[in-house]
Structure formats: C-alpha cells, structure tokens
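Here's the structure we're looking at; comments come further down.
The values are calculated or read from the model by the stated rules, or taken from the named source; none is laboratory data. Quick caveat, the model's predicted, so the values are computed rather than measured. Methodologically, a virtual Cβ is constructed for each residue, glycine included, from the backbone with ideal geometry; neighbour enumeration extends over all protein chains shown. With ligands, DNA and RNA removed, areas are computed over all heavy atoms of the protein, side chains included. Shrake-Rupley method; radii C 1.70, N 1.55, O 1.52, S 1.80 Å.
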Amino acid sequence: MSQIELILSRHGETEENKLHIMQGQLPGHLSELGKQQAKALAETLDKEELDVIVCSDLARSYDTAMAVARQKGLQPVATPLLREMDWGIYTGKVADEMDFTTLPESVETIEALYKRAGDFVDFLKKEFPGKRILAIGHGGFNRAIIVQLEKLPPEKILSLPIMKNTACMRFTLP
C-alpha cells in the first residue's frame, strides 16, 4: 500500500466563533471573514495537486471545503468521523460560562475523541491509499487527529494549540 499525503486544515471563521459559542456538532455559519479565509485557502492550494477533499459533514467545514473543491473540480467527501467534539449539554453555550474542570457525562470524552480520530485515519487509509488528501475539520477534533498521527497519548489532545482557521498542517501516512 502506498503512502498518503495529508493536508489537515480547519474550517473558516464562523459567526459562532466570533461569539465564543461552543458549536460542537452544530452546523455553524461562515462569517464574511470565514468566507474570505476559505477563498484564500483555495488560492493557497491552487498549485497543489489534490486527489480528494474530505471534510466534516457539518456546514462550516463543508462550506470551506466547497471553496477549494470548486477551484479543483472536485466534490468533497463529507463524513461524520471528522465532526467536532460533541459538547453535549454545553453545545451552543458561551465558552466562558462553562466549567471545563468537571465536564458532564454528555460531553464526548478525550478517549472517545482519540478513538474516533483513529477511525478517521483508518478510513483514509482504507478508502484513499496513495492519494493526496485535503481534510477540513475542526479546531478541537483536529488536535485528536494530530495526536493519533504523532502516536502521542490521548491526554496530549488537551495541550496542543487549536489550529487557526484555514491553517494547514502536512502529514505523511504510511
């Protein structure tokens, strides 16, 4: 099996990001800046050869992926595996109103995030061997993917910085 070249990115800024709302698995709405960021991502990747664009099935990720896909003549492959962390009862709440030290049971655990990130990596290896892939996900969940790819323990998810909107990181998957 041949290796995968992966470009991992994050969706453009959303209206909810600006308000510090924990979107979790809500769709999200790209702000004007977010739409500009998506267009700039497409321009940045203009000269890159991409075989596949994979994105979360949440609107903010899909809409960002579409900006690149239109330029590349591709159709994004949307998957719930790439969704943001499920914030449970905190979904839709403002971040500074939350107690992050004692999260309720409805919030997706770090272990569950880590496992889902592993499932996502396995999905890429099974479905797109040898391909150059752009994956557009979410700030929190992308950290879980990075931890999986770098073979770090799950608790490292919490200590990684959150990717900036439409930033790119590159990985080679064996």
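Exactly one condition in (1) at pLDDT 95 or above; (2) over 16 Å from the mean Cα position of the chain (by Cα); (3) farther than 16 Å from Val54 by Cα; (4) surrounded by 12 or more Cβ atoms within 10 Å (Cβ to Cβ) is false for Ala144; which is it?
It is condition (2) that Ala144 fails.
With the structure loaded, tell me whether Gly24 is surrounded by 15 or more Cβ atoms within 10 Å (Cβ to Cβ), without any contact (Cβ under 8 Å) to a residue 40 or more places away in the chain, in a loop (DSSP other than H, G, I, E, B) and within 14 Å of the chain's Cα centre (by Cα) or whether it fails that test.
The answer is no for Gly24.
Go through the range 150-174 and report how many residues are open to solvent by 20 Å² or more (accessible area, probe 1.4 Å), of a type outside the set (Val, Ile, Thr) and touching a residue at least 40 places away in the same chain (Cβ under 8 Å).
Residues meeting the conditions: 11.
Pick out the one residue from Asp86, Asp57, Asp63, Asp96 that is modelled with pLDDT under 95 and acidic (Asp, Glu).
Asp96
Return the residues of the range 1-21 that are open to solvent by less than 10 Å² (accessible area, probe 1.4 Å), within 14 Å of the chain's Cα centre (by Cα) and in contact (Cβ under 8 Å) with a residue 60 or more places away in the chain; say none if nothing qualifies.
Hits for the range 1-21 are Leu6, Ile7, Leu8, Ser9, His11, Gly12.
If only one of Lys151, Lys164, Lys156 is of a type in the set (D, E, K, R) and within 19 Å of His11 (Cα to Cα), which one is it?
Values: Lys151 fails: within 19 Å of His11 (Cα to Cα); Lys156 fails: within 19 Å of His11 (Cα to Cα).
One residue alone meets the criteria, Lys164.
Would you confirm, using the coordinates I've provided, whether Leu134 is in contact (Cβ under 8 Å) with a residue 24 or more places away in the chain, closer than 17 Å to Thr79 by Cα and under 13 Å from the mean Cα position of the chain (by Cα)?
For Leu134, the condition - in contact (Cβ under 8 Å) with a residue 24 or more places away in the chain, closer than 17 Å to Thr79 by Cα and under 13 Å from the mean Cα position of the chain (by Cα) - is met.
Can you name the residue in the range 46-61 that is out of contact with any helix residue (DSSP H, G or I) (no Cβ under 6 Å at 6 or more places or on another chain) and either crowded, with 19+ Cβ neighbours inside 10 Å or of a type in the set (A, V, I, L, M, F, W, C) (or both) and, of all such residues, is nearest to Trp87 (Cα to Cα)?
Per the criteria, the residue is Leu58.
Checking the conditions here, which among Leu33, Leu50, Leu74 is assigned to a helix (DSSP H, G or I), out of contact with any Phe, Trp or Tyr (no Cβ under 8 Å at 6 or more places or on another chain) and modelled with pLDDT of 95 or more? Steps first, please.
Working: Leu50 fails: assigned to a helix (DSSP H, G or I); Leu74 fails: assigned to a helix (DSSP H, G or I).
Going through Leu33, Leu50, Leu74 in turn, the sole match is Leu33.
Which residue is farthest from the chain's Cα centre (by Cα), if the candidates are limited to the range 71-130 and must be within 19 Å of Leu19 (Cα to Cα) and surrounded by 19 or more Cβ atoms within 10 Å (Cβ to Cβ)?
Only one residue tops the list, namely Tyr90.
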